[in-house]
Amino acid sequence: MAELLPFDMFDLSRGADEARRYAKLDNIYHRGQAQAWNGKELLDELWTRHGGSGIAPGQRDAASRVLGQIMWGELAAWKIAAQLADELEDLEARMAATSQAHDEARHFYVMHDYLERAVGTFPRSVARASEGLLGAALHANTIEKKLLGMQLQIESMALTIFHALRESKVCPVLTDLLRYYERDEARHVGLGMQLLPQRMRRFSVLERVEFTAYSFKVAAWSIGTLKQSEDDLRTLGIEPRRMAELGKSKQMLVFNELFSIVPDQRSAASARVGNVLDMFAELLWPQAADDPAVTARLRRALVTLRDGYGMVETQLDPDEPARMPEA
Ligand SMILES: [Fe+2]
Ligand SMILES: [Fe+2]
């Protein structure tokens, strides 16, 4: 019979490498506590400071759909963080996941309160692609897939939407509020980054293939989510092309760091499939200045298939300077 509780949890010896990683996880919890903000007070304060929301009546439906997806995504993140807090055995990992669950609860209710105030309502469902994306994370059948899908891929996508919404200046309350979200989400990416490499090292070949296939499924749903929201994003002052570039760049910052820890897990095949996804993004969202002729678009798509997507300087934590990811 399984033991009631992991009573030996303080007796396990750790190598220096592992000890460093666990110190970082411990730090995620304590920083989460130090940086925790009061959602009700902050929203009231920003609302008063800016004299209400900047969302124009013609933007309300688009804001409701885009931010509604974020709101329900926060609930999914909350559930997954709670699952991780239960499933992860190591003390520091469990603490970091618990702190994330606390953050996501705040993200969820604050986005709900913001929508009620700025738009007057919120959607009771999400579009098909968002459902596929969130379902892939919620129903992932291993901890590794959950860490990859939610902590690394969906979190960096959320960081991208927050960054783009902040940049669009569609609403000054949102611009200020989302900085707080981004700071929290950057810590959550950190949780995945500390836990995943050591688990990836233990993969069999079959597990690695399944894991890679899973990562492409999540990436394909992400592109689908962006495609389904493109009109709404434009209404809110965001160019989908900018989102795709920012998203790719933030994702690459994450993968640069991940593969610097586990270089042997990087595969040429996965890089090529990544370029296939980039090619779809290139076909969907060409640059405004590019030649719109079909042959020119196809040529650019083929170049993207060979070289991958163009990247831009960015960061995960809004307090850090922007930098260029490595291709
Ligand atoms: Fe969140
Ligand atoms: Fe998060």
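Would you confirm, using the coordinates I've provided, whether Arg272 is modelled with pLDDT under 70 and surrounded by fewer than 16 Cβ atoms within 10 Å (Cβ to Cβ)? Taking the combined requirement at face value, the residue satisfies it.
Okay, residues lined up against (1) of a type in the set (Ser, Thr, Tyr); (2) more than 14 Å from ligand 1 (Cβ to nearest atom); (3) modelled with pLDDT of 90 or more:
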{"position": "Thr121", "(1), (2), (3)": "yes, yes, yes"}
{"position": "Ala137", "(1), (2), (3)": "no, no, yes"}
{"position": "Lys146", "(1), (2), (3)": "no, yes, yes"}
{"position": "Ser156", "(1), (2), (3)": "yes, no, no"}
{"position": "Val170", "(1), (2), (3)": "no, yes, yes"}
{"position": "Thr175", "(1), (2), (3)": "yes, yes, yes"}
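Kindly indicate whether Met71 is within 11 Å of ligand 1 (Cβ to nearest atom), assigned to a helix (DSSP H, G or I), farther than 15 Å from Ile143 by Cα and aliphatic (A, V, I, L, M). It is true that Met71 is within 11 Å of ligand 1 (Cβ to nearest atom), assigned to a helix (DSSP H, G or I), farther than 15 Å from Ile143 by Cα and aliphatic (A, V, I, L, M).
Against the condition part of a loop (DSSP other than H, G, I, E, B), within 30 Å of Lys169 (Cβ to Cβ) and touching a Lys or Arg at 6+ places or on another chain (Cβ under 9 Å), how does Gly54 come out, does it pass?
yes
Among what's in the stretch 91-119 and is away from ligand 1 (no atom under 16 Å from the Cβ) and under 25 Å from Arg31 (Cα atoms), pick the residue that is farthest from the chain's Cα centre (by Cα). The extreme case among them is Leu91. Scanning the stretch 191-206 for residues that are touching a residue at least 40 places away in the same chain (Cβ under 8 Å) and open to solvent by 20 Å² or more (accessible area, probe 1.4 Å) turns up Gln194, Gln198, Arg199, Arg201, Phe203. Taken as a whole, the condition of being surrounded by 24 or more Cβ atoms within 10 Å (Cβ to Cβ), touching a Phe, Trp or Tyr at 6+ places or on another chain (Cβ under 6 Å) and of a type outside the set (Val, Ile, Thr) applies to Leu133.
When you look at Glu104, is it charged (D, E, K, R) and away from ligand 2 (no atom under 13 Å from the Cβ), yes or no? No: the conditions fail for Glu104.
The values are calculated or read from the model by the stated rules, or taken from the named source; none is laboratory data. Since the model is a prediction, treat every value here as computed from it, not as a measurement. Every residue, glycine as well, gets a Cβ built from its backbone with ideal geometry; the counts of neighbours run over all protein chains shown. Ligands, DNA and RNA are excluded from the accessible area calculation, which covers all protein heavy atoms including side chains. Shrake-Rupley method; radii C 1.70, N 1.55, O 1.52, S 1.80 Å.
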